[in-house]
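Values in this text are rule-based calculations from the coordinates and carry no lab data. Everything numeric here is computed off the predicted structure, so don't read it as measured data. Please note: Cβ atoms are built from the backbone with ideal geometry, for glycine as well, and neighbour counts cover all protein chains shown.
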Amino acid sequence: MRRLENAFAVKISARDVGFILEGGSADNQGRAGQVLAELARVVTETGDLDGSAVDLCLEEQTAPAKEDWSRPILYDARGVVVRARNPGQSRLVQAVRSSDLVFAVGPAGTGKTYLAIAMAVAALQRREVDRLVLVRPAVEAGEELGFLPGDLREKIAPYLQPMTDALQELLPRTKFKECMESGLIELAPLAYMRGRTLKRCFAILDEAQNATISQMKMFLTRLGVGSKVVVTGDPTQVDLPLKTPSGLAHACSTLEGIPGIAMVRLESKDQMRHPLVQSIIDAYDSPLSN
């Protein structure tokens, strides 16, 4: 309530039957009322409400007109609309809609992977593609995990978990399980892409900064008829061995300007995690941290 009062210059009082809005302009009272109604809906459907939900609802009412980017991509497993939340994410959504190969490059928390997977799930739901192929390099973030027990799926699960988390947010549990078991959705390490042709599928290469130049070329040349590919990554978080160049940076410089290939560069201001994340990203990117 305090956040809404500060944002719209109104006074909000809670009552058993709802809220009373006083002061401010009629327009601001109306917009504050719309935010309260949306937050009430979120609480009713999910049983939870956190600061990020409040911030997103506020942003929708206070940001400039968003034109086409306000179009929902899909509704997630809780019935909450998924769509671009800022200009950077809007550029990514539009690029995926208009291009067959998209590079989404930017820092952590900017929604690269989540939006790409949301676009992929929406394409599958509309039957624009026959299946989804979600790929990641099997590279540890600065730690040696050693031997992992279990079969192939169990061994690669830790590397693919972030993509699994996104899918489980976007799809109801039964639908997610059904898609995985039927092969409509495939999660695989990058090394297993060699020799394949991806036809009528939506493929995503996540954490692409950890692909070597040869791996990147191998993956990009898997593109088949009727398919769409999104490559996401953060050039500042390369976990490859020293002196091994990143295939993401090489691909972006090599392929820029080719018709049909879109390059979307997100910035720290586009991040959608905790408000401190932007400050952390900016601090690490500053000259004093190097």
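Descriptive notes on the structure:
- Cα-based shape type of the stretch 175-250, given that a ≥ b ≥ c are square roots of the gyration tensor eigenvalues and the cut on a/c is 1.5: prolate
- Summing charges over all other residues whose Cβ lies under 11 Å from the Cβ of ALA208, with Lys and Arg as +1 and Asp and Glu as -1, gives -1.
- Sorted on the mean count of surrounding Cβ atoms within 10 Å across their residues, most packed first, peptides 251-263, 99-111, 17-29 read 99-111, 251-263, 17-29.
- Using the Cβ-Cβ distance between VAL225 and VAL81 with R0 = 30 Å, the FRET efficiency computed as 1/(1 + (r/R0)^6) comes to roughly 0.40.
- Loop-resident sites, the stretch 204-263, for trypsin sites (Lys or Arg not before Pro), counting at most 12 other Cβ within 10 Å (DSSP): LYS243
- Charges were assigned to the Cβ only: +1 to each Lys and Arg, -1 to each Asp and Glu. The resulting dipole of the stretch 3-46 about its Cα centre is roughly 60 debye.
- Residues ALA14 and ILE213, FRET efficiency given R0 of 41 Å [Cβ-Cβ distance, rounded to 0.05]: 0.10
- If you plug the beta carbon distance of THR244 and ARG97 into 1/(1 + (r/R0)^6) with R0 = 22 Å, you get a FRET efficiency near 0.05.
- Net charge, PRO172 excluded, C-beta distance under 10 Å - Lys, Arg +1, Asp, Glu -1: +2
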